[in-house]
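The values are calculated or read from the model by the stated rules, or taken from the named source; none is laboratory data. In this text, all values refer to a predicted model and were calculated from it rather than measured experimentally. With ideal geometry, Cβ positions are generated from the backbone for all residues, glycine too; neighbour counts draw on all protein chains shown.
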Amino acid sequence: MTLPDTIPFAGLNPERILDAVESVGYRCDGALMALNSYENRVWQIGIEDSAPVVAKFYRPGRWSDAQIAEEHAFTAAMVAAELPVVAPLVIGGRTLFVHGGFRFSVFARQGGRAPEFGEPQILEWMGRLMARIHLVGARQPFVVRETLDMQSFGIDSRDWLLANRVIPEELESIWQGVADQALEGVRHCFARAGQVEQLRLHGDCHAGNVLWTQDGPHFVDFDDARMGPAIQDLWMLLSGDAEEMGRQFGHVLAGYETFREFDDRELHLIEALRTLRLIHHSAWLARRWNDPAFPAAFPWFATNRYWEERILELREQIAVMQEPALTGFSGI
């Protein structure tokens, strides 16, 4: 692979992390605990005579300051709408800071556990919450943040993997052929759906980004917020075969349409969006391979078996995208 030599978080040591947090007015007690995050670096910091805070250090070069500002404005609007979203703390009128060459924000610590998305009550609750988030997201568009579409997630990812010779030589042509067929299937799915509304989304709505408490769900990470169709924030709540996903989506929809109407045409996009995510995920791993955290966490990525499994996965998606859209609860 042809990758930059620069290690993205080199120099972000415990001393610099604590100094950064103290630079915005906190007195740290020295307690430092890394939280699960690959894209950025996130730490829980002990504060003297107060509750701990969470500091998030943004990956250099990923988002511009303007793009981060749009994410922060989105979360602030949701907090103003009394949604359970953990937004960056405003300190001296700002939410984004720089220390030692690293950009960072500070958040209140939010406890909770991962939700069980298979439970009907939880699915309905998530549907209601996502509808309320989408009501805020539809008020105005992002101007500088990205849009989730076939070009950015699919074509660009495919082209980058091929240009950088990431795929083992003996599998490259096979993977390319299957990826091209899969992207053609994505194109047909989008054509069947037609023109659908684009709005500001959470963008990565999986269980790891939701903390459940006795008061219900809280979202803690909008780092992947972007423009896209509403279904992107709903399909990742589903699992199992088509029948099971249909049952689950019935519960999600019951909650969602309490607050916001859902466009059934977007159901044609579920498997297309899943396919784009699979291709994009491979490119994401490859683009981050110069970060030492990635080879340590994903050692199987550099094996032939990984790409053989991706080829089979994409072939399955090609078949699934030719089947009717999710049914059993709507009027498609």
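For the reader, a short list of remarks on this structure follows.
- Scanning region 74-101 for residues that are touching a strand residue (DSSP E or B) at 6+ places or on another chain (Cβ under 6 Å) and in a strand (DSSP E or B) yields V85, F97.
- Strands (runs of 3 or more DSSP E) within region 141-230 that include 1 or more residues within 16 Å of the chain's Cα centre (by Cα) and over 25 Å from V42 (Cα atoms): 199-201, 226-228
- Positions within region 241-273 being over 26 Å from E70 (Cβ atoms) and in contact with a helix residue (DSSP H, G or I) (Cβ under 7 Å, 6 or more places away or on another chain), in sequence order: Q248, H251, V252, L253, A254, G255, T258, R265, H268, I270, E271
- Only one entry of L253, L276, L234 meets the criterion of being assigned to a helix (DSSP H, G or I), modelled with pLDDT of 95 or more and more than 17 Å from R132 (Cα to Cα), and that entry is L276.
- Residues of region 285-320 that turn out to be part of a loop (DSSP other than H, G, I, E, B) and more than 22 Å from the chain's Cα centre (by Cα), as a count: 1
- All positions within region 197-217 that are surrounded by fewer than 17 Cβ atoms within 10 Å (Cβ to Cβ) and within 22 Å of V144 (Cβ to Cβ): E197
- Apart from one condition, E48 fits all of (1) surrounded by 16 or more Cβ atoms within 10 Å (Cβ to Cβ); (2) at negative phi; the exception is (1).
Table: residues versus (1) assigned to a strand (DSSP E or B); (2) under 29 Å from L234 (Cβ atoms).
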position: L18; (1), (2): no, no
position: Q67; (1), (2): no, yes
position: R103; (1), (2): yes, no
position: Q121; (1), (2): no, yes
